[in-house]
Amino acid sequence: MPKARQNRVLKINTQPHTDCTTCSIRQMALFQGVPQNQLEWTQHYRENQYTIAAGSTLFHHGDHTQHVYTIYDGWFALHQMTAAGKRQILRFALPGDFIGFQVDCNGETSHTASAITNGILCAFPRYKLTKMMEEQPKISESLITIVSRDMSLCQQHFFGMTQKTAIESISFLLLELYHRMQAKLGHQTGGKQTNTIPFPLTQEDVGDATGVTKIHTNRVFRELKKKKLIECSHKKLVILDEGALTDIAQFDLDYIKNPQVI
């Protein structure tokens with residue numbers, strides 16, 4: 001197998017690479033089911049740990065990628081472009097998410113992945129993915145749960161864009177991201193949580209993910225703030241009244257939990 005070519009926007013992480021045995025996001029990631037005494041095996045398959053700058057494109061829709069990635073740190077937008085040049089964000093990928101493996105029957109990526117913030121990625125050669133799953137079935141189970149969760153969320157967002165009001169759709173997205181980031185922060189702090197998460201998204205990002213115009217998105221944020229349901233400034237989101245926001249969004253926490261593999 002020829003040596004994979006490095007994506008030019010990626011730089012080898014100059015900091016000490018995170019050891020899989022002490023990884024703070026492992027219980028949220030692809031290797032969550034791998035026994036602790038077998039984690040050194042996973043590092044055998046990790047090619048490297050890379051950094052990527054905010055605003056960079058990791059891969060484009062239609063690319064034949066050489067790697068798949070676990071996000072160790074950072075926020076990414078997975079999106080497609082319409083013929084008219086409008087961006088539709090399919091979902092936001094956060095720490096612990098596994099990206100780059102979704103391809104069509106021709107092996108081309110089904111969307112574009114762009115870094116919203118600076119990020120750190122653990123890279124695995126695509127051609128080794130099948131062997132990894134054959135050697136460690138728990139990885140196959142984890143991949144099924146990840147895909148099932150992401151599909152469920154995509155279905156909910158599609159339903160929101162066709163059947164919900166703008167305030168309902170945006171409230172749902174805010175709660176989804178809030179709880180997903182809370183899970184990550186909880187692993188890092190030993191379960192201690194606050195009602196605040198990092199929130200690097202612009203209102204344009206939120207609008208492109210919910211199908212709401214930028215002007216209408218701004219009105220929704222003003223309304224949520226006026227009702228004292230949220231605060232959103234300085235790249236932070238504060239949920240002030242989770243119960244009321246949940247009622248507006250028709251949000252169920254089960255949407256973001258990994259379904260059980262039978």
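Structure summary
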| read-out | value |
| --- | --- |
| Hits in the range 64-88 (condition: closer than 23 Å to Tyr50 by Cβ and assigned to a strand (DSSP E or B)) | His67, Val68, Tyr69, Thr70, Ile71, Tyr72, Asp73, Phe76, Ala77, Leu78, His79 |
| Among the residues listed as Thr51, Thr42, Thr82, Thr70, the single one being crowded, with 18+ Cβ neighbours inside 10 Å, at pLDDT below 90 and not aliphatic (A, V, I, L, M) | Thr42 |
| Filtered residue count, the range 164-181, keeping only those that are of a type in the set (A, V, I, L, M, F, W, C) and over 15 Å from Ala244 (Cα atoms) | 3 |
| Residues satisfying the stated conditions in the range 57-67, i.e. modelled with pLDDT of 95 or more and out of contact with any Ser or Thr (no Cβ under 6 Å at 6 or more places or on another chain) | Leu58 |
| Failed condition for Val147, given (1) under 17 Å from Gln27 (Cα atoms); (2) in the same structural domain as Asn48 (by TED's automatic domain parsing); (3) without any contact (Cβ under 8 Å) to a residue 12 or more places away in the chain | (2) |
| Test: Leu237 is closer than 21 Å to Ala93 by Cα and either among the β-branched types (Val, Ile, Thr) or assigned to a strand (DSSP E or B) (or both) | yes |
| Complete set of residues in the range 71-107 that are touching a Leu at 6+ places or on another chain (Cβ under 6 Å) and more than 21 Å from Asp208 (Cβ to Cβ) | Phe98 |
| The lone exception for Ser142 - which of (1) farther than 29 Å from His64 by Cα; (2) buried (at least 21 other Cβ atoms within 10 Å of the Cβ); (3) polar (S, T, N, Q) it fails | (1) |
| The range 166-191, residues that are polar (S, T, N, Q) and either assigned by TED's automatic domain parsing to the domain that holds Gln102 or at pLDDT below 80 (or both) | Gln188, Thr189 |
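The values are calculated or read from the model by the stated rules, or taken from the named source; none is laboratory data. These figures come from a predicted structure and were not determined experimentally. FYI the Cβ positions are ideal-geometry reconstructions off the backbone, even for glycines, and counts take in every protein chain you see.
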